[in-house]
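The values are calculated or read from the model by the stated rules, or taken from the named source; none is laboratory data. Just so you know, these numbers come straight off a predicted model, no measurement behind them. Cβ: placed from backbone, ideal geometry, glycine included. Neighbour counts: every protein chain shown.
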Amino acid sequence: MKTVIEPFKIKTVEPLKFTTRARREEILAAAGWNLFAVPAEEVLIDLLTDSGTAAMSSRQWAGILDGDEAYAGARSFYRFEKTVRELTGYRHVIPTHQGRAAERILFSILGGPGKIIPNNSHFDTTRANIEVSGAAAVDLPTAEGLDPALVQDFKGNMNLAGLERLLKREGRERVPLVLMTVTNNACAGQPVALGNLRRVAELCRSYGIPFFLDACRFAENAWFIKTREPGCRGRSPREIAREMFALADGCTMSGKKDGLVNIGGFLALNDESLAQQARNLLIVTEGFPTYGGLAGRDLEAFAQGLEEVLEEDYLRYRIRSIAYVVERLDELGIPVYRPAGGHAVYLDARAFLPHIPPQEYPGQALACALYLEGGIRSCEIGSVMFGKHDPDTGAFRPAPLEQVRLAVPRRVYTQSHMDYVIETIAAVFARRREIGGLRIVSEPPLLRHFTARFEPL
Ligand code: F0G
């Protein structure tokens, strides 16, 4: 088989800035050992997130010029609405400035004190928006999903037995909706099977509970279904995506991932009364229903991105480019979550740095070491992001996994950039015993990973 190449050529370039190790040491100390506080210009390869970091196509840029900026009823909105309706099948399409705005609107209506909202795994902002409404966010990943070394096809699935127990115990009075994140970002970007989505949809229907997708990475998930789920090989990614959406009653979407845009999101759903309430909230903080939190030009680029992201050449390259890195790292004996997920490489920091206990944040320590070694920025998804102190006893409760996520922006880096990333990780692995843990010096009450400051122990 020949190399799967980038299915595009480069039209505009942006220079990278090289820094010395001494300079990076200064920068990291000034940033309080938090990579979110490092200026992007001081980063060589930025794998902090795949969100809002995509390179747009020439057609998307053409759409930027072509955007209709009318306050109400802009042509760009109607194109966007038609694209989302054809993709999802949902009747009501409500544009928002990004995914979390759609989440906030949905959970302000359906959440609230005493409510419980389950998900295969909530990502950070989803969890925060649920908790801010007063509701509880419950994760129901499978046991396989929590095993970084086990190779299986759909480790992002919902734990069906766990969901059934929860629904039986709490009923529709306390569970206002069930969510499912595709792909499962908190669980190494692992995909969810159509079969699992079907079972969740059936369970929700039998309890009369609405079922929503957190659909940020729906196209990557559809590709995994196409290539792994029996009977799906001959189907197009669009057809598979359409079936995923059809199983649910609505979705929240961050266009900053599989919308291939730098800003944008939406809430889409079928229920008339819920849509009306959502539009009322939208007007208060986002904007008029035909633009939400976006400019006409953003809607134009977003609609175009939703078409391009389902192209088979793109998805084949996208998924292969992540697997390529995971396979090289695995060959080098480096503990990496397997199999490769859709948008990122997840290092298993617990196995990488076994001498650092969870309360000394091995993931954060590893992410900082990668920056010092090669100017690579990654993101801890472990006990900094999801660890907690018990409110009663004060005891430390670690996150289920200590991961470092190297999220790959869409259509931005080439294979040689990724070879450099592999070399840097290998160099850090070779001297892993010299890396020490960290302690938190200051932290905010919510979403602490964004702004906490650390100190080496
Ligand atoms: N849901 C999931 C699964 C996400 O990964 C994100 C964002 C959101 C919702 C919120 O969307 O950023 O447009 O408001 N995740 C980014 C990340 C930030 O780095 O994984 P948003």
Report task. Would you point out which residue out of Thr19, Thr53, Thr49, Thr83 is hydroxyl-bearing (Ser, Thr, Tyr), assigned to a loop (DSSP other than H, G, I, E, B) and more than 16 Å from the ligand (Cβ to nearest atom)? Result -> Thr19
Query raised in the report: Residues in the range 94-101: is at least one in contact with a strand residue (DSSP E or B) (Cβ under 9 Å, 6 or more places away or on another chain) and more than 17 Å from Leu306 (Cα to Cα)?
Result: yes
Report summary line: For Gly63, the lone unmet condition from (1) assigned to a helix (DSSP H, G or I); (2) buried (at least 20 other Cβ atoms within 10 Å of the Cβ); (3) within 25 Å of the chain's Cα centre (by Cα) is (3)
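So that you can scan it fast, the table gives a plain yes or no per residue for (1) surrounded by 15 or more Cβ atoms within 10 Å (Cβ to Cβ); (2) without any contact (Cβ under 8 Å) to a residue 40 or more places away in the chain:
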position: Ile5; (1), (2): no, no
position: Glu25; (1), (2): no, no
position: Ala30; (1), (2): no, yes
position: Asp46; (1), (2): yes, no
position: Asp50; (1), (2): yes, no
position: Gly67; (1), (2): yes, no
position: Leu87; (1), (2): yes, no
position: Tyr90; (1), (2): yes, no
position: Thr96; (1), (2): yes, no
Requested in this report: Could you please let me know if Gly333 is part of a loop (DSSP other than H, G, I, E, B), crowded, with 22+ Cβ neighbours inside 10 Å and in the same structural domain as Arg431 (by TED's automatic domain parsing)?
Outcome: no
Requested in this report: Return the pairs, sorted by first residue and then second, in which the second residue is away from the ligand (no atom under 14 Å from the Cβ) and assigned to a helix (DSSP H, G or I), the first residue lies in the range 200-223 and is without any contact (Cβ under 8 Å) to a residue 24 or more places away in the chain, the beta carbons are less than 7 Å apart, and the residues are 6+ apart or on different chains.
Outcome: none
Report task. Report yes if some residue within the range 225-248 is away from the ligand (no atom under 16 Å from the Cβ), over 19 Å from Val408 (Cα atoms), of a type in the set (A, V, I, L, M) and surrounded by fewer than 17 Cβ atoms within 10 Å (Cβ to Cβ); otherwise report no. Result -> yes
Report summary line: Residue pairs within 8 Å by beta carbon, gap of at least six or interchain, first lying in the range 352-374 and without any contact (Cβ under 8 Å) to a residue 12 or more places away in the chain and in the same structural domain as Ala427 (by TED's automatic domain parsing), second surrounded by 24 or more Cβ atoms within 10 Å (Cβ to Cβ) and of a type outside the set (Lys, Arg), listed first then second, are none
**Report entry** Matching option when the condition is within 16 Å of the ligand (Cβ to nearest atom), farther than 21 Å from Arg172 by Cβ, over 19 Å from the mean Cα position of the chain (by Cα) and in contact (Cβ under 8 Å) with a residue 24 or more places away in the chain, among Val151, Val132
**Finding:** Val132
Report task. Test Leu281 against the criterion of being assigned to a helix (DSSP H, G or I) and on the phi < 0 side of the Ramachandran plot, and give yes or no. Result -> yes
Requested in this report: Evaluate the range 144-152: report whether one residue or more is surrounded by 24 or more Cβ atoms within 10 Å (Cβ to Cβ) and more than 28 Å from Pro230 (Cβ to Cβ).
Outcome: no
Report summary line: Being in contact (Cβ under 8 Å) with a residue 12 or more places away in the chain and in contact with a Gly (Cβ under 6 Å, 6 or more places away or on another chain) narrows Arg172, Arg100 down to just Arg172
Query - Exclusive hit being assigned to a loop (DSSP other than H, G, I, E, B), touching a strand residue (DSSP E or B) at 6+ places or on another chain (Cβ under 8 Å) and either modelled with pLDDT under 95 or surrounded by 13 or more Cβ atoms within 10 Å (Cβ to Cβ) (or both), set Leu446, Leu401, Leu370, Leu366 - result: Leu401
Query raised in the report: Hey, among the residues in the range 98-121 that are within 11 Å of Gly265 (Cβ to Cβ) and within 11 Å of the ligand (Cβ to nearest atom), which one's surrounded by the most Cβ atoms within 10 Å (Cβ to Cβ)?
Result: Ala102
**Report entry** Filter result (of a type in the set (Gly, Ala, Ser) and assigned to a helix (DSSP H, G or I)) within the range 196-223
**Finding:** Ala201, Ser206, Ala219, Ala222
Report task. Check whether at least one residue in the range 378-397 is in contact with a strand residue (DSSP E or B) (Cβ under 8 Å, 6 or more places away or on another chain), over 24 Å from Ala30 (Cα atoms) and among the aromatic types (Phe, Trp, Tyr), and report yes or no. Result -> yes
Query - When residues of the range 67-80 are limited to those that are in contact with a helix residue (DSSP H, G or I) (Cβ under 6 Å, 6 or more places away or on another chain) and in a helix (DSSP H, G or I), the one nearest to Leu366 (Cα to Cα) - result: Phe80
